[in-house]
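Derivation of every value follows stated rules applied to the coordinates shown; laboratory data play no part. Values in this document were obtained by computation on a predicted structure and should not be read as measured data. Don't worry about glycine lacking a Cβ; one is built from the backbone with ideal geometry, like all the others, and counts go over all protein chains shown.
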Amino acid sequence: MKPVFLLIASIALASCAAKAPEAAAATPESAARSKKVAKKEPKPKSYPLKTCLVTGDGLDDMDERVTTVYEGQTFEFCCKPCLKKFNKNPGKYVKALAKASG
């Protein structure tokens with residue numbers, strides 16, 4: 001039984017040793033890229049209104065409030081159909097939010 005175990009152990013060690021140079025091949029450039037990827041996105045701005053931009057209704061009137069983030073701004077809607085309307089023409093609602101919030 002020992003020879004079989006030794007054979008399996010030596011194969012496993014050889015397999016790990018063969019992979020070691022790849023890990024050591026990491027360059028400073030690849031490390032820098034990893035840091036750039038790990039950079040966190042800034043937190044989106046909160047939605048300043050208590051009403052849906054699409055219908056003008058209160059956000060909790062439909063018991064179906066949905067949220068999305070577009071260009072760093074959070075948008076909240078009273079229901080999923082309003083979110084669909086927003087997605088068809090987000091620029092319209094970005095302008096409406098700017099106008100409504102001051």
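Quick notes
- Set of region 74-102 residues, backbone N closer than 17 Å to the point 7 Å along the Cα-Cβ line of ARG65: 74-83
- Check: region 44-102 dipole with +1 on Lys, Arg Cβ and -1 on Asp, Glu Cβ, in debye: 360 debye
- For PRO44, the shell of other residues with beta-carbons less than 14 Å away shows a net charge of 0, using +1 for Lys and Arg and -1 for Asp and Glu.
- Geometric descriptor of region 44-102, per residue, is 69 Å³ (volume of the convex hull of the Cα atoms).
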